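First comes the structure, then the notes that go with it.
The values are calculated or read from the model by the stated rules, or taken from the named source; none is laboratory data. The shown structure was predicted, so the numbers you read here are calculated from the model rather than taken from an experiment. Here the Cβ positions follow ideal geometry from the backbone for every residue, glycine too, while neighbour counts run over all protein chains shown.
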């Protein structure tokens, strides 16, 4: 065995353990004894990274500061010393989560510490986003997002609801973390956040260890709660639920004794020069609608058109687009509805372009003949139309989306995050803009932009009620990211291609946002065939937003990406 921080270059994986413990409310003494036993069992079995649940020593639901006061302690303190002895004995890293009291201020925090193979505290994290009854006793965390050095590489730490918003995990990745530890306390029957945790993994190219608990808390049944090992593509490689104590073992791959990561590749595709609006906070003040000068909020019917363009046949594709508009209008009329807004897929007029000479031949200026025809259609139908197309702008080519209203072009968005297909011909766009319609403020993204939550939040904080997303998406395994963008607090309309030469996955979807997760809805198209998907959206619901702001924007917006190591 390599001692302490010595690196074993022959290691191809490190064994990890999630202590899916039965936690008893207010029974600190027995909780600690139970956790110590389980941690030693895991370490003795070869686990070198061990994670315990959120508030594992105390239980979760407390009514006020007095209710939890006797269960708090400092970090370092008695509990961290006890777990540090196990970490030292077995040359392991242990994450233990507990209610912390600051000995100088007597402020309470929902905290977690990482203990190293010397038995010492390598660092601690104070939960940045207290949830539910934590807000009755715990202050918001006031420490930087924690990343610690280990002999396997860098490890980050956040707690449960910290990861509903992308920012904490993004900062950990930018600071070099290749593995994220996440103590959680979450009953499976309430707004399961699994999709957000998976999103944090694929967005950042990091493995995530999510350690939940079991048992019955004060008014909370966690016996069906689930713990996860999630790989750096967002795939769940281990999921366990147990009504009793359980140890969930897994492996994280290594190369020459170090974590294998796709984080650097993902982070280098970011475009922080376009993300500045994530740092504004108009929703932190009263009168946001007036402050942002938003248009009146109406109830609208959006039509997402799933469509398979014919490769490099702009004229034929235009005919098909206009025909699908008529078909959708007839469908809506038969249902007694009126369509306000159409959204068509990425590159609807050409199909996928992957080479420069194709762009030269088939792209078009905006305005141009195709947009003129669509403008006329918008005029005669009294609707608004978003469509993806290849744009020729003074001899430079863009994968663009254009918003067209009755008689006029209202806006153009040029794709910022280029896909592998785009890079052979397209220039990057340089901003995220929003556009006002009579009933809503809308933004546009295209396809691959959805991998980068900063893009959606940039527009959401600028007042976007709805993001229209012309899309070409071919990876079924990562399509869960569409739903994860609900965390950026906007309605989302994804119009995807289907089938064809590149096997787009279809399943175009409209997501209706509401601050109350139980009120969110979606309408999904099938995987194949052209399809018209109609959904009514309450624009007012997208104006109830709450953003995580006590965060280090200097790291998120660092143009030189100096923290990526």
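For the subset of segment 54-72 comprising residues that are in contact with a strand residue (DSSP E or B) (Cβ under 7 Å, 6 or more places away or on another chain) and not in a loop (DSSP other than H, G, I, E, B), which member is nearest to residue 28 (Cα to Cα)?
Of segment 54-72, the ones in contact with a strand residue (DSSP E or B) (Cβ under 7 Å, 6 or more places away or on another chain) are 54-61, 65, 68, 71-72.
Those still in the list that are not in a loop (DSSP other than H, G, I, E, B) too: 65, 68, 71.
Values: 65: 16, 68: 11, 71: 7 Å.
If we take residues in segment 54-72 being in contact with a strand residue (DSSP E or B) (Cβ under 7 Å, 6 or more places away or on another chain) and not in a loop (DSSP other than H, G, I, E, B), then 71 is nearest to residue 28 (Cα to Cα).
Limited to segment 342-373, what total is found for residues that are in contact with a helix residue (DSSP H, G or I) (Cβ under 7 Å, 6 or more places away or on another chain), touching a residue at least 60 places away in the same chain (Cβ under 8 Å) and more than 20 Å from residue 525 (Cβ to Cβ)? So that I can check it myself, show each step before the final result.
Of segment 342-373, the ones in contact with a helix residue (DSSP H, G or I) (Cβ under 7 Å, 6 or more places away or on another chain) are 342, 344, 346, 348-350, 353-356, 362, 364, 370, 373.
Those left that are additionally touching a residue at least 60 places away in the same chain (Cβ under 8 Å): 344, 346, 348, 353-356.
Adding the requirement that they be more than 20 Å from residue 525 (Cβ to Cβ) leaves 353-356.
The number of residues fulfilling the criteria is 4.
Please verify whether residue 278 is closer than 25 Å to residue 201 by Cβ and free of Cβ contacts under 8 Å to residues at least 24 places away in the same chain, treating the condition exactly as stated. Quick ask: steps written out before the conclusion?
Numbers: closer than 25 Å to residue 201 by Cβ: yes; free of Cβ contacts under 8 Å to residues at least 24 places away in the same chain: no.
No; evaluated as a whole, the condition is false for this residue.
May I ask you to list the residues in segment 284-324 that are assigned to a helix (DSSP H, G or I) and touching a strand residue (DSSP E or B) at 6+ places or on another chain (Cβ under 6 Å)?
Taking segment 284-324 and keeping what is assigned to a helix (DSSP H, G or I), we get 284, 288-291, 314-324.
Matches in segment 284-324: 324 only.
Quick one: in segment 447-476, of everything that is surrounded by fewer than 24 Cβ atoms within 10 Å (Cβ to Cβ) and out of contact with any helix residue (DSSP H, G or I) (no Cβ under 9 Å at 6 or more places or on another chain), which residue is farthest from residue 430 (Cα to Cα)?
476
Would you pick out the residues in segment 368-398 that are closer than 19 Å to residue 312 by Cα and in contact with a strand residue (DSSP E or B) (Cβ under 7 Å, 6 or more places away or on another chain)?
370, 371, 374, 387, 388, 389, 390, 391, 392, 397, 398, listed by residue number.
Which numbered condition in (1) buried (at least 16 other Cβ atoms within 10 Å of the Cβ); (2) closer than 23 Å to residue 117 by Cβ; (3) without any contact (Cβ under 8 Å) to a residue 40 or more places away in the chain is the only one that residue 46 fails?
Failing condition for residue 46: (1).
For the list (1) outside any helix (DSSP H, G or I); (2) touching a residue at least 40 places away in the same chain (Cβ under 8 Å); (3) outside the structural domain of residue 552 (by TED's automatic domain parsing), I need the number of the one condition that residue 237 fails.
Going through the list (1) outside any helix (DSSP H, G or I); (2) touching a residue at least 40 places away in the same chain (Cβ under 8 Å); (3) outside the structural domain of residue 552 (by TED's automatic domain parsing), residue 237 breaks only (2).
Taking the options 19, 75, 50, name whichever one is in a loop (DSSP other than H, G, I, E, B), within 19 Å of residue 185 (Cβ to Cβ) and modelled with pLDDT of 95 or more.
On the way: 19 fails: in a loop (DSSP other than H, G, I, E, B); 50 fails: in a loop (DSSP other than H, G, I, E, B).
One residue alone meets the criteria, 75.
Scan segment 247-260 and tell me whether some residue there is buried (at least 16 other Cβ atoms within 10 Å of the Cβ), in a strand (DSSP E or B), free of Cβ contacts under 8 Å to residues at least 24 places away in the same chain and not assigned by TED's automatic domain parsing to the domain that holds residue 428.
No, segment 247-260 has no match at all.
Report, by residue number, each residue of segment 171-184 that is touching a residue at least 60 places away in the same chain (Cβ under 8 Å), more than 16 Å from residue 252 (Cα to Cα), touching a strand residue (DSSP E or B) at 6+ places or on another chain (Cβ under 8 Å) and surrounded by 23 or more Cβ atoms within 10 Å (Cβ to Cβ). I'd like the intermediate steps shown before the answer.
Step one: of segment 171-184, the residues touching a residue at least 60 places away in the same chain (Cβ under 8 Å) are 171, 173-179, 181-184.
From the residues that got through so far, the ones that are more than 16 Å from residue 252 (Cα to Cα) too are 171, 173-176, 183-184.
After this cut, where a residue has to be touching a strand residue (DSSP E or B) at 6+ places or on another chain (Cβ under 8 Å) as well, the list is 173, 175-176, 183-184.
Matches in segment 171-184: 173, 183, 184.
Out of the residues in segment 136-170 that are within 16 Å of the chain's Cα centre (by Cα) and part of a loop (DSSP other than H, G, I, E, B), state the one that is surrounded by the fewest Cβ atoms within 10 Å (Cβ to Cβ). Steps first, answer last, please.
Applying the first criterion (within 16 Å of the chain's Cα centre (by Cα)) to segment 136-170 yields 158-170.
Filter once more, keeping what is part of a loop (DSSP other than H, G, I, E, B): 158-159, 164-166.
On the way: 158: 28, 159: 29, 164: 19, 165: 23, 166: 25.
My answer is 164.
Find the residue count for segment 240-265, including only residues that are modelled with pLDDT under 95 and touching a helix residue (DSSP H, G or I) at 6+ places or on another chain (Cβ under 6 Å).
1
Confirm whether residue 169 is more than 25 Å from residue 32 (Cα to Cα) and either assigned by TED's automatic domain parsing to the domain that holds residue 20 or in contact with a helix residue (DSSP H, G or I) (Cβ under 9 Å, 6 or more places away or on another chain) (or both).
Details: more than 25 Å from residue 32 (Cα to Cα): yes; either assigned by TED's automatic domain parsing to the domain that holds residue 20 or in contact with a helix residue (DSSP H, G or I) (Cβ under 9 Å, 6 or more places away or on another chain) (or both): yes.
Against the criterion (more than 25 Å from residue 32 (Cα to Cα) and either assigned by TED's automatic domain parsing to the domain that holds residue 20 or in contact with a helix residue (DSSP H, G or I) (Cβ under 9 Å, 6 or more places away or on another chain) (or both)), residue 169 qualifies.
Please work out if residue 413 is crowded, with 23+ Cβ neighbours inside 10 Å, in contact (Cβ under 8 Å) with a residue 24 or more places away in the chain and within 26 Å of the chain's Cα centre (by Cα). Reasoning before the result, please.
Details: crowded, with 23+ Cβ neighbours inside 10 Å: yes; in contact (Cβ under 8 Å) with a residue 24 or more places away in the chain: yes; within 26 Å of the chain's Cα centre (by Cα): yes.
Here the answer is yes, as residue 413 does meet what is asked.
Among the residues of segment 99-130, which ones are surrounded by fewer than 19 Cβ atoms within 10 Å (Cβ to Cβ) and closer than 18 Å to residue 64 by Cβ?
Of everything in segment 99-130, those that are surrounded by fewer than 19 Cβ atoms within 10 Å (Cβ to Cβ) and closer than 18 Å to residue 64 by Cβ turn out to be 102, 105, 106, 107.
Here's the yes/no breakdown for (1) over 30 Å from residue 350 (Cβ atoms); (2) free of Cβ contacts under 8 Å to residues at least 24 places away in the same chain:
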site	(1), (2)
295	yes, no
302	no, no
305	no, no
315	no, yes
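In segment 371-389, what count of residues is obtained for those that are under 23 Å from residue 421 (Cβ atoms) and surrounded by fewer than 24 Cβ atoms within 10 Å (Cβ to Cβ)?
Step one: list which residues in segment 371-389 are under 23 Å from residue 421 (Cβ atoms), which gives 371, 386-389.
Of the ones still in play, those that are also surrounded by fewer than 24 Cβ atoms within 10 Å (Cβ to Cβ) are 371.
Qualifying residue count, segment 371-389: 1.
Consider residue 30 carefully, then state whether it is over 32 Å from the mean Cα position of the chain (by Cα), at negative phi, assigned by TED's automatic domain parsing to the domain that holds residue 87 and surrounded by fewer than 19 Cβ atoms within 10 Å (Cβ to Cβ).
Numbers: over 32 Å from the mean Cα position of the chain (by Cα): yes; at negative phi: yes; assigned by TED's automatic domain parsing to the domain that holds residue 87: yes; surrounded by fewer than 19 Cβ atoms within 10 Å (Cβ to Cβ): yes.
For residue 30, the condition - over 32 Å from the mean Cα position of the chain (by Cα), at negative phi, assigned by TED's automatic domain parsing to the domain that holds residue 87 and surrounded by fewer than 19 Cβ atoms within 10 Å (Cβ to Cβ) - is met.
Within segment 524-546, count every residue that is more than 16 Å from residue 467 (Cβ to Cβ) and either at pLDDT 95 or above or within 18 Å of the chain's Cα centre (by Cα) (or both). Walk me through how you get there before you give the answer.
Initial filter on segment 524-546 (more than 16 Å from residue 467 (Cβ to Cβ)): 524-532, 534, 536, 540, 544, 546.
Subset that is either at pLDDT 95 or above or within 18 Å of the chain's Cα centre (by Cα) (or both): 524-532, 534, 536, 540, 546.
Result for segment 524-546: 13.
Being modelled with pLDDT of 95 or more and touching a helix residue (DSSP H, G or I) at 6+ places or on another chain (Cβ under 7 Å): is that true of residue 412 here?
On the way: modelled with pLDDT of 95 or more: yes; touching a helix residue (DSSP H, G or I) at 6+ places or on another chain (Cβ under 7 Å): no.
Answer is no for this residue.
Consider segment 309-354. How many of its residues are surrounded by fewer than 20 Cβ atoms within 10 Å (Cβ to Cβ) and within 30 Å of the chain's Cα centre (by Cα)?
Within segment 309-354, residues that are surrounded by fewer than 20 Cβ atoms within 10 Å (Cβ to Cβ) and within 30 Å of the chain's Cα centre (by Cα) number 1.
Return yes or no: is residue 133 buried (at least 18 other Cβ atoms within 10 Å of the Cβ), farther than 20 Å from residue 14 by Cα and out of contact with any strand residue (DSSP E or B) (no Cβ under 7 Å at 6 or more places or on another chain)? First the steps, then the outcome.
On the way: buried (at least 18 other Cβ atoms within 10 Å of the Cβ): yes; farther than 20 Å from residue 14 by Cα: yes; out of contact with any strand residue (DSSP E or B) (no Cβ under 7 Å at 6 or more places or on another chain): yes.
Answer is yes for this residue.
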